[in-house]
Amino acid sequence: RFIPYPPMLSPPVPVWFSNHIIVFYPKGHDVDEYYVKRIYGLPGETVYIDNNSIYINGKKIDDPYAKDAMDDSQIELGTKEKPYTLKSDEYYVLGDHRSVSLDSRSIPQGEDPDAPGPVKRENIAGKVFLRIWPLNQFGKP
């Protein structure tokens, strides 16, 4: 279960960066469901994925976190043919296990109503700073 910061310990204005692992509510704070994903695209950036590579503002980025390959044919948001520019309150997130991850590549509609699409800043609960399970990977995320 996710335990958010107590209000007195939360930073007054959270700042998120690429490669931060965040916890967010894909359907808003009113629904008790959260996802844990890594940030790739920041507000105002243009994102697309092509041939299993991620491009931010037209530049291929290093991606050492992917545990498996992406299927480019299943990308709905941020393709080479139709890059996606994030709004001022949106973040592009990806799961490390790309073949099974519900993340910003999918638009929440049709066959995949649980896909988060781009994550709104207001739905981010916090940054992951400690991993406790599995025990053999205890420590930093």
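The values are calculated or read from the model by the stated rules, or taken from the named source; none is laboratory data. Fair warning: this is a prediction, and the values are worked out from it, not measured in the lab. Methodologically, a virtual Cβ is constructed for each residue, glycine included, from the backbone with ideal geometry; neighbour enumeration extends over all protein chains shown. All accessible areas refer to the heavy atoms of the entire protein, side chains included, with ligands and DNA or RNA removed. Shrake-Rupley method; radii C 1.70, N 1.55, O 1.52, S 1.80 Å.
Yes/no matrix, rows are residues, columns are (1) open to solvent by 60 Å² or more (accessible area, probe 1.4 Å); (2) aliphatic (A, V, I, L, M):
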| site | (1), (2) |
| --- | --- |
| VAL31 | no, yes |
| ARG38 | no, no |
| VAL47 | no, yes |
| PRO64 | yes, no |
| ASP68 | no, no |
| ILE75 | no, yes |
ASP62 meets each of (1) modelled with pLDDT of 85 or more; (2) assigned to a loop (DSSP other than H, G, I, E, B); (3) touching a Pro at 6+ places or on another chain (Cβ under 7 Å) with one exception, condition (3)
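Looking at the range 54-68, is at least one residue closer than 16 Å to VAL119 by Cα and polar (S, T, N, Q)?
There is no residue in the range 54-68 that is closer than 16 Å to VAL119 by Cα and polar (S, T, N, Q).
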Looking at (1) at pLDDT below 85; (2) part of a strand (DSSP E or B); (3) not basic (Lys, Arg), which is the one condition that is false for VAL93? (1)
Among (1) more than 11 Å from the chain's Cα centre (by Cα); (2) at pLDDT 90 or above, where does GLN74 come up short? (2)
Being in a loop (DSSP other than H, G, I, E, B), modelled with pLDDT under 85 and either within 12 Å of the chain's Cα centre (by Cα) or of a type outside the set (A, V, I, L, M, F, W, C) (or both) is the filter here, so list the residues in the range 104-122 that pass it. SER106, PRO108, GLY110, GLU111, PRO113, ASP114, ALA115, PRO116, GLY117
Would you call ALA125 in contact with an Asp or Glu (Cβ under 9 Å, 6 or more places away or on another chain), closer than 19 Å to HIS20 by Cβ and at pLDDT below 90? no
